[in-house]
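A.B. asks: The following block contains the structure, expressed as structure tokens.
Bear in mind that the values in this text are calculations on the coordinates, not laboratory data. The shown structure was predicted, so the numbers you read here are calculated from the model rather than taken from an experiment. Don't worry about glycine lacking a Cβ; one is built from the backbone with ideal geometry, like all the others, and counts go over all protein chains shown.
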Amino acid sequence: MPERERALQSLQSTPRDVGPTADDLLPLVARGDEAAFERLYDVVSGSVFGLIRRVVRDQAQSEEVFQEVMLEVWRTATRFDPQRGGATTWILTLTHRRAVDRVRSAQAASHREDRAARLDPARPFDEVSEQVNGKLEQRQVRRCLSFLTELQRESVLLAYYQGYSYPEVASLLGIPLGTVKTRMRDGLIRLRDCMGVTG
Amino acid sequence: MRTTSADLHTLTGAYAVNALSDFERTAFEAHLTRCESCAVEVAELAATASRLGAAVEFAPPPQLRARVLAAAAETRQLPPHTARVPNPRRVRWAGGLLAAACLVAAVFVTVQYTQTGQERQLAQLSSEYSRFSDFLSTPDAKLVNGTAPNGATGTAVVSASRDEALFLAKGLPDPGADRVYQLWLIGADNDPQPAGLLDSRSAPVVVNGLSGVQKVALTVEPRGGSPKPTSDAVMAMPLA
């Protein structure tokens with residue numbers, strides 16, 4: 001199995017601080033390699049937990065969702081298809097969906113009006129601005145976000161970081177449903193082009 | 001009540017940031033299996049969105065590491081997907097009834113799959129599923145949403161070229177003993193025509209003959225349905 005050999009080689013030959021990437025490790029995890037899963041945990045757990053915490057907010061619930069997501073990564077690694085995208089994207093897409101599922105089910109049980117009233121639409125970007133500094137890739141995200149129009153940026157960030165559905169985003173921003181959908185798409189396309197993402 | 005209609009193709013961004021309802025997500029994912037350019041765009045936009053995720057890194061409490069690893073050691077992994085059943089392109093639609101049966105099966109299997117992981121059922125019905133996506137990928141397929149006062153939601157996928165619509169509801173309250181939900185088509189004359197009963201509160205219904213129809217409405221009727229509505233609509237959605 002040349003793929004496995006390559007991945008094992010990269011485990012042995014790369015310096016500790018660089019180490020194997022999620023793309024190296026996930027195919028090994030798919031074959032039931034627990035040691036690879038342990039290393040994958042160390043590579044991705046910060047991003048996974050950070051994203052959950054950002055969306056869910058509550059610490060105890062974030063920890064619950066985090067454990068569910070990491071276990072799902074282990075359980076469904078066999079379904080990862082490298083042809084269709086990178087391992088980090090696959091893991092963070094799964095993470096975001098679980099985080100959003102959690103806030104939507106919690107939201108269904110609480111009063112929507114209360115939540116909406118507490119919300120300041122300008123908040124997400126401010127908070128991102130606070131957190132997004134230091135690392136090169138984080139600076140790039142921040143720089144690229146600044147190229148979006150205000151509506152594009154808020155539509156994307158309210159949905160992504162707050163876990164709001166597009167009708168909720170439309171209501172918060174006071175714009176029609178059709179508009180919010182196109183703003184989300186246009187905003188992401190602009191980000192994609194700025195970041196040079198190829199999928 | 002809130003309504004909207006939208007071309008499925010414009011949903012790539014909302015899908016990538018998980019801003020769709022469950023039904024829209026299911027419908028859009030089926031659409032993706034047939035729309036190559038949408039699938040490419042979704043992959044790119046999902047990768048873009050995940051950069052936003054990676055930008056808010058925060059270390060989990062250290063004690064979770066051992067817990068996750070121990071849980072993984074005791075959890076069986078899903079079997080990988082095997083080669084797909086060939087796409088039955090030569091199978092033609094055999095009229096509305098067969099289509100309805102297939103759509104119902106496909107939607108149910110999708111729901112069952114996410115809820116209970118009934119993989120085998122999904123594999124067995126993958127050919128029916130492809131017919132469902134065939135419907136969703138018609139160029140003029142549109143999504144229409146409605147919300148009832150109690151928060152129940154309705155979604156219809158409407159194709160004018162096929163002259164058909166697929167209606168799904170979620171969160172409908174129990175209609176009561178000996179009562180059913182009935183669907184109606186309403187034209188310019190405001191004379192509702194019966195369009196089928198919801199076998200269960202979440203069962204999809206396929207509606208044919210949309211010519212002149214302006215909206216779809218849902219009422220609660222005595223078991224067996226009524227020739228004309230006997231109660232006010234719990235939900236109504238414009239199709240235009």
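A.B. asks: Looking only at other chains, what is the average number of their beta-carbon atoms within 10 angstrom of each beta-carbon in B:66-75?
C.D. replies: Mean partner-chain Cβ count within 10 Å for B:66-75: 5.
A.B. asks: Right, something else. Taking all pairs of different Cα atoms in segment B:142-238, averaging 1/r and flipping that mean, what Kirkwood radius in angstroms comes out?
C.D. replies: Mean inverse Cα-Cα distance, inverted, gives 13.2 Å.
A.B. asks: How many nm separate the modelled label positions at A:Gln140 and A:Arg79, each set 7 Å beyond the Cα in the direction of the Cβ?
C.D. replies: 2.9 nm
A.B. asks: State the answer as a single residue: which of A:Leu94, A:Tyr41, A:Val73 lies farthest towards the positive end of the charge dipole of segment A:39-106, with beta carbon charges of +1 for Lys and Arg and -1 for Asp and Glu, about the Cα centre.
C.D. replies: With unit charges placed on the Cβ atoms, the residue in question is A:Leu94.
A.B. asks: Only counting other Cβ atoms within 10 Å, I'd like A:Asp24, A:Asp58 sorted with the fewest neighbours first.
C.D. replies: So the ranking, lowest neighbour count to highest, is A:Asp58, A:Asp24.
A.B. asks: What is the packing order of peptides A:86-98, B:188-200, A:166-178, taking the mean over residues of other C-beta atoms within 10 Å and listing the highest first?
C.D. replies: Peptide ranking by packing, descending: A:86-98, A:166-178, B:188-200.
A.B. asks: Okay, moving on. Could you put A:Cys194, B:Cys38 in order, starting from the residue whose Cβ has the fewest other Cβ atoms within 10 Å?
C.D. replies: Result, fewest neighbours first: A:Cys194, B:Cys38.
A.B. asks: What nm value, rounded to one decimal, do you get for the distance between B:Asp178 and B:Glu29 when each label is placed 7 Å out toward the C-beta?
C.D. replies: The answer from the label model is 4.1 nm.
A.B. asks: What is the order of B:Ile186, A:Ile189, A:Ile52, fewest Cβ neighbours within 10 Å to most?
C.D. replies: Listed from fewest to most nearby Cβ atoms, that is A:Ile189, B:Ile186, A:Ile52.
A.B. asks: What is the spin-label model distance, in nm, from A:Phe147 to A:Glu34 if the labels are put 7 Å beyond Cα along the C-beta direction?
C.D. replies: My value for the distance between the label points is 4.7 nm.
A.B. asks: If I take R0 = 25 Å and measure r between the Cβ atoms of A:Gln61 and B:Leu197 in this structure, what FRET efficiency does the formula 1/(1 + (r/R0)^6) give, to the nearest 0.05?
C.D. replies: E(calc), rounded to 0.05, equals 0.05.
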